[in-house]
């Protein structure tokens, strides 16, 4: 459908109030007010009135130009959605300095809902962005911006109604605890891969940290607020608490090194003053006391088993006066916080050092009133059905074939090199497409230069004479320069989104047709820390979980190749190879 919109530029002054095109008045529009290095993004259904408010605002009146984005098909839901996406995009773009150049202090808080023809309106964004580029208001391409970490992990991402409802409940739980109204000290949020756990955690943190900047700022003490939404009531209560007390001290624990580094970069890019030191490693919690600790990927919190820094673990436990043999990093969090919020998915436990499911099940049982579940699939465009089918695929309980849809492509390749090349082609076209594999190949290239790898033939993979290496870095591999020519492991992609993922299933999986069962061969696994001192059945479960994590990374598609012939035939039996046009 053709994008029938227009972007009209005016000088930002009182004279413009009488010169604005009449069709823009009393019509829903999105607008940008900017000077050379500052911008404010907004939406309104009364542009003259809103512009006058900005001209009267000492924080806005110095701006020079206003660009009004008009479309005769705009409605209130559409402009809220477009405004919020543009805020995210400008933070991810390099045109304005994100820490001081983008003047928005809130994200509009419009929950994500599927209003009529929502996809049509969002499809306009690409053309709107191109127009803003042509006006020198944006630097980077649309694809570059939406593939960036700053866009994907933005606190300005609109929440679904489900996410927003849980966030309100968690904030109220926190306030009940801090105000002494409840003895409960834990909220637990579970959800499968792609249900938006990390985005909810980021929004929760940003909302609490910036409570005093909220746009809910018109209430007076004693005023009736019953007519407000649950969200507005929660923000009102949060603001009152912050105004009467000191700011709530938050720590955001991210156990995975690569994701932690990414989120640190995102937080600093968005708000260097308030978010700079919030993202921390589990070991950092021992250094300070916190009001609230929020832990993403809590299934990756460690216990004293098969970890690289056992001495450091022991030291932390000693500082806290607890036994390292019976304690976990979760105990550190409990001791150093008044309240903790845990985001958890048992299906993403992949190592013997990960906190046990029994431990988490016990905690969930103790906190059943503050236990919430995210169910809406946000990553994969094929929705919950794809994840359910992947689960059934590994349980050998599928009744029907998994087929590609209009928005999501799944395919089994007979040639791994063909699959790897296809991912490279797609990466050139749309970006953020990567090949990954199970840990069934020795990491011979670790720590070696590309020159040494070539001279000494230290390649990790060899498929019919074509050679490849594992990820050359663990930190930020997905966006590293040579990532598309390398093959990533689960530790580089867990917690991240990809447009397309190519998954190499190693020889650790085969299929027994007579038993209708997937066999796991743990002797093929090269990660010794996963196997060491762990029961075979548990290791088998870790391996299956690893492949589920890899297969569930794709937003728009998933390609698969299995090294074992029986496994390859099994996959082809249940996956229909229908190509879609990208």
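Need one number: nm distance between label points at residue 131 and residue 289, each 7 Å from Cα along Cα→Cβ, rounded to one decimal.
Placing both labels 7 Å along Cα→Cβ, they lie 5.6 nm apart.
Can you tell me, using C-alpha contacts under 8 Å and at least 6 residues apart, the relative contact order of segment 1-60 as a whole percent?
Details: 48 pairs, mean separation 17.9, N = 60.
Reported relative contact order: 30 percent.
Quick one, what does Rg over Rh come out to for segment 384-576 if you take C-alpha atoms and the Kirkwood Rh?
Ratio value, two decimals: 0.95.
Can you tell me how much longer the chain between residue 538 and residue 15 gets when fully stretched, taken as 0.36 nm per residue apart minus their C-alpha distance, in nm with one decimal? Working shown, then result.
Working: separation 523, 0.36 × 523 = 188.28 nm, distance 7.19 nm.
This chain segment gains 181.1 nm when fully extended.
What is the Cα coordinate range of segment 5-142 on the first, second and third principal axes, sorted by size from largest, in whole angstrom?
Each principal axis gives a Cα extent; for segment 5-142 these are 37, 33, 28 Å.
Among DSSP beta bridges lying fully in the chain, give the percent that are antiparallel, nearest 5.
On the way: 27 of 70 bridges.
Antiparallel bridges: around 40 percent, rounded to the nearest 5.
Ranked from highest to lowest mean number of other Cβ atoms within 10 Å per residue, what is the order of the peptides 40-52, 470-482, 309-321? If you can, show how the numbers build up before the last one.
Values: 40-52: 19.2, 470-482: 16.5, 309-321: 14.2.
Result, highest mean Cβ count within 10 Å first: 40-52, 470-482, 309-321.
Please compute the length gained on full extension between residue 385 and residue 463, using 0.36 nm multiplied by the number of residues separating them and subtracting their Cα-Cα distance. Don't skip to the answer; put the middle values down first.
Working: separation 78, 0.36 × 78 = 28.08 nm, distance 3.24 nm.
Length difference between fully extended and current span is 24.8 nm.
For residue 6 and residue 272, what does the FRET efficiency come to when R0 = 35 Å and r is the distance between their Cβ atoms, rounded to the nearest 0.05? The partial results should precede the final answer.
Values: r = 36 Å, r/R0 = 1.02.
Efficiency computed from Cβ-Cβ geometry: 0.45.
Once every Cα of segment 488-557 carries one equal point scatterer and solvent is ignored, give the base-10 log of I(q)/I(0) from the Debye formula at q = 0.22, 0.28 Å⁻¹, two decimals.
Scattering profile of segment 488-557, log10 relative to I(0): -1.01, -1.27.
What nm distance separates the two modelled labels at residue 26 and residue 358, each placed 7 Å from Cα along Cα→Cβ?
7.1 nm
Quickly rank 154-161, 392-399 as a protection proxy: mean count of other C-beta atoms within 10 Å, highest first. If you can, show how the numbers build up before the last one.
Values: 154-161: 21.8, 392-399: 13.6.
In decreasing order of mean packing, 154-161, 392-399 become 154-161, 392-399.
For segment 161-374, what is the percent of antiparallel DSSP beta bridges, rounded to the nearest 5?
Counting DSSP beta bridges with both partners in segment 161-374, the antiparallel share is about 10 percent.
How long are the semi-axes of the ellipsoid equivalent to segment 161-374, from square roots of 5 times the Cα gyration tensor eigenvalues, in whole Å, largest first?
On the way: eigenvalues 183, 64, 57 Å².
For segment 161-374, the ellipsoid semi-axes come out as 30, 18, 17 Å.
Given labels modelled 7 Å from the Cα in the Cβ direction, how far is it in nm from residue 257 to residue 94?
Simple spin-label model gives 2.7 nm for this pair.
Restricting to segment 501-582, what percent of DSSP beta bridges are antiparallel, rounded to 5? Could the numbers behind the result be given before it?
Values: 4 of 9 bridges.
About 45 percent, rounded to the nearest 5.
When only Cα pairs under 8 Å and 6 or more residues apart are kept, what is the percent relative contact order across the chain? Walk me through the intermediate numbers first.
Numbers: 1022 pairs, mean separation 73.2, N = 582.
Relative contact order of the chain: 13 percent.
Only the coordinates and a few stated rules stand behind these numbers; no lab work does. This is a predicted model, so every value here is computed, not measured. Cβ: placed from backbone, ideal geometry, glycine included. Neighbour counts: every protein chain shown.
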